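Okay, structure first, notes after.
Please treat every number below as a calculation from the coordinates, not as lab data. Just so we're clear, the structure is a prediction, and the values are computed from it rather than from any experiment. Cβ atoms come from the backbone with ideal geometry, glycine included; neighbour counts cover every protein chain shown.
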Amino acid sequence: MITLPKPVSTPYVPQTPVSKVLIAGDAPDGIIKKLLSYGVESVKTGSLENLPRGLMYHPDMQFVNICEGLIVYAKGANSQTVKKLNDLGFELIEGDTLLNDEYPYDIAYNCAVVGKYAFLNINHTDKKVLELLEKCRIIPVHTRQGYAKCSTAIINQEAIITADITIHENAVRVGIDSLLIPPQKNIRLRGYDYGFIGGCTGLISETQMAFAGDFNLLNSSEIIGKFLEKHGVKPVSLDNSCIHDIGSIIPLCSV
């Protein structure tokens, strides 16, 4: 009997092994192949030309998994990617905001859903995203950091890792266990001095967090490793070279 994939019941936090992820269309081939070795197939994004050059393919700039089976996508997102997500059983709703390449007008869909909370800059988040979060009874938590998902590695529904003090303080305030780390200046991101911890990570099972590169090369790998161990999660290196911010590895379906 063939078990068909199904959308993860809790966005970004799978309860069983992941079978499909949403990943940047320009992610290195080695990372795609390594995911396949774990039984994880990749749905690739297309380029969104309105975004800054280094972020054009990033999933966390274009898509928000609001709740089980529901994704909001940016105006102009690749139609083939949208169709593939729809074919996997997701309901796809187009957002109202047309992005452009200047901050903060590129962050309308950059939202970190962590259990019953969503970290975002409420002043610049797409209205459709806010409406659907309310409908799904997810509480928006305003943060000055507009790149909220980029900045947030989601460990489970009650734990995150971030280098952003405003996200950290707000997470602690609502009862989420948050590890505050220094900026990891060896995370590579084209066109920028360095990338974000959320942008290079994603859960591929309840107990495995994938890193887009060699986990041990992170500046704070030791304290991050201890925090992951505290929550019963192991790091998985998807390459043996430096870590890249690829716009998050977003779990879609589990088996």
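Distance check, please: which entries in Lys6/Lys128; Lys44/Lys116; Lys20/Lys83 exceed 22 angstrom between their Cα atoms? Pairs exceeding 22 Å: Lys6/Lys128; Lys44/Lys116.
Distances between placed amide hydrogens fall under 5 Å for Ser205 paired with Val18, all partners being 5 or more residues away or on another chain. Amide H contacts for Val114 (H built 1.01 Å from N in the peptide plane; partners 5 or more residues away or on another chain; cut-off under 5 Å): Phe119. Find how many whole Å separate the alpha carbon centroid of the range 1-44 from the alpha carbon centroid of the range 223-255. So the separation of the two Cα centres works out to 13 Å. Sparsely packed loop sites in the range 1-92 (the GluC sites (Glu not before Pro) outside DSSP H, G, I, E and B with at most 11 other Cβ atoms within 10 Å) comprise Glu49. Full extension of the segment from Ile122 to Tyr192, taken as 0.36 nm per residue of separation minus the current Cα-Cα distance, would add 22.7 nm. Tell me whether the range 97-199 comes out rounded, prolate or oblate; compute the Cα gyration tensor, take square roots of the eigenvalues as a ≥ b ≥ c, and use a/c under 1.5 as the rounded threshold. Verdict is oblate for the range 97-199. With R₀ set to 25 Å, the beta-carbon distance separating Asp87 from Gln157 gives a calculated FRET efficiency near 0.35.
Sequence-ordered 3J(HN,Hα) estimates for the range 41-56 from the Karplus curve with 6.51, -1.76 and 1.60 and θ = phi - 60° stand at 8, 9, 9, 8, 7, x, 7, 10, 5, 6, 7, x, 3, x, 10, 4 Hz, glycine and proline given as x. A simple rule links phi to the HN-Hα coupling: the Karplus curve 6.51 cos²θ - 1.76 cosθ + 1.60 with θ = phi - 60°, which for the range 130-144 gives 5, 4, 6, 4, 4, 4, 8, 6, 9, 8, x, 10, 6, 9, 5 Hz, with x for Gly and Pro. Note that the chain, at 37 °C in a medium of 0.692 mPa s, gets a Stokes-Einstein diffusion coefficient of 187 µm²/s from its Kirkwood radius over C-alpha pairs.
Amide H contacts of Ile155: Ile160, Ile161, each under 5 Å away and 5 or more positions distant or on a separate chain (H built 1.01 Å from N in the peptide plane; Pro and chain starts excluded).
Cross-link partners of Lys234 among aspartates and glutamates, defined as those whose alpha carbon lies under 16 angstrom from its own and excluding same-chain residues fewer than eight positions apart: Glu206, Asp214, Glu222.
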